[in-house]
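Before any comments, here is the structure.
The values are calculated or read from the model by the stated rules, or taken from the named source; none is laboratory data. Computed from a predicted structure; not experimentally measured. A quick note on method: Cβ atoms are made from the backbone with ideal geometry, for glycine too, and the neighbour counts reach across all protein chains shown. Just so you know, the surface numbers come from the protein's heavy atoms only, side chains and all, with ligands and any DNA or RNA stripped out. Shrake-Rupley method; radii C 1.70, N 1.55, O 1.52, S 1.80 Å.
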Amino acid sequence: MDWASIIGFILVIAGISVGQVMEGGQLSSLVQPTAFVIVVIGTLGAVLIQSRMSTFRRGLNMFQWIVSEPADNSRKNIQDALVWSVVARREGFLSLEGYMTASKDPFIGKGLRLVIDGVDPGRLKDILDVDISLYEMEQRQAAKIWESAGGYSPTVGILGAVLGLIHVMENLTDPAKLGGGIAVAFVATIYGVGLANLLFLPVSNKLKEIIAREVTRREMLSDIFYSIAMGDSPRILEERVDHQRTIGSS
């Protein structure tokens, strides 16, 4: 559970609510279904226009990472890699089949299979690096829907404000309808700017961080499989991993 994100969501809602009350306003005045429909549905439509449906669905599914962040298995992978290296040097590459079958990580399974098949180390690394590049591209495209929503929603909020003002101008002779139109105009702007800066963009940045961490892990594994295929000793493998982690953290 990512408590930082959960606490952040709570602080966002609390800050807006408490600030509204301290200003002497009513929380109910911030609840405008019309403005919500304009901003949320309009932003959703704009994002869908620029994205493929598969990318859009993948991006929505990523939202769960914000509150339940994927586990970072880098440390465990390093420990496992040292075992793979020792076993491969003592018993040969075919002895790694059991580890390949037991692994639930598709990338690890692919790397071990390439080692077992005796693929040339340089070719093996090229294959895994291409796989990493494709993974990063697909994940970043999916995460980008949140960044795009953060770019569109303020503009859609302004459109909502203009629509609200048009409603006001059409009903200048009916004072009873003026309040509703003005409320929609201002609250639509709040929804557009607020959702962009307090939800969509923070979610996008958090997803980018998680994706970057996973890419670094895969790059480390790619170096590990290359080292095992080269027949390097566990000590050399450990040094390569340390070097890769130093590069990733810099």
Segment 1-124 accessible area per residue, 1.4 Å probe, protein heavy atoms, integer Å², reads 63
Give the accessible area for Arg235 in Å² (nearest 10); use a 1.4 Å probe, count only protein heavy atoms, and leave out ligands, DNA and RNA.
150
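At a 1.4 Å probe radius, carbon and sulfur cover how many percent of the accessible area of the chain? Kindly include the intermediate steps, with their values, before the conclusion.
Numbers: 8790 of 14120 Å².
It is 62 percent, rounded to a whole number.
Report the convex hull volume per residue for segment 105-226, counting only C-alpha atoms, in Å³. Numbers along the way, then the final one.
Values: hull volume 11.2 nm³, N = 122.
Cα convex hull per residue, to the nearest whole number: 92 Å³.
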Karplus (6.51, -1.76, 1.60) ³J(HN,Hα), θ = phi - 60°, over segment 213-223, in Hz, Gly and Pro reported as x:
5, 5, 4, 4, 4, 5, 5, 4, 5, 4, 5
Per-residue counts of other Cβ atoms within 10 Å, averaged by peptide: what ranking do you get for 23-34, 72-83, 143-154, highest first?
143-154, 72-83, 23-34
Given the protein chains as shown and a 1.4 Å probe, how many square angstrom of Tyr191 are accessible, to the nearest 10?
50
Could you count how many Lys pairs in the chain have their Cα atoms under 23 Å apart, skipping same-chain pairs fewer than 8 positions apart?
8
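Please get the size of the charge dipole for segment 32-121, origin at its Cα centre, with Cβ charges of +1 on Lys and Arg and -1 on Asp and Glu, quoted in debye to the nearest 20.
On the way: 10 positive and 8 negative charges, 39 e Å.
So the dipole magnitude of segment 32-121 works out to roughly 180 debye.
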Signed unit charges on C-beta, dipole axis of segment 1-130, positive-most listed residue Ile66, Ala35, Gly24:
Ile66
For Rg/Rh (Cα atoms, Kirkwood Rh), with candidates (i) 1.19; (ii) 0.97; (iii) 0.95, the value calculated from the shown model is option (i)
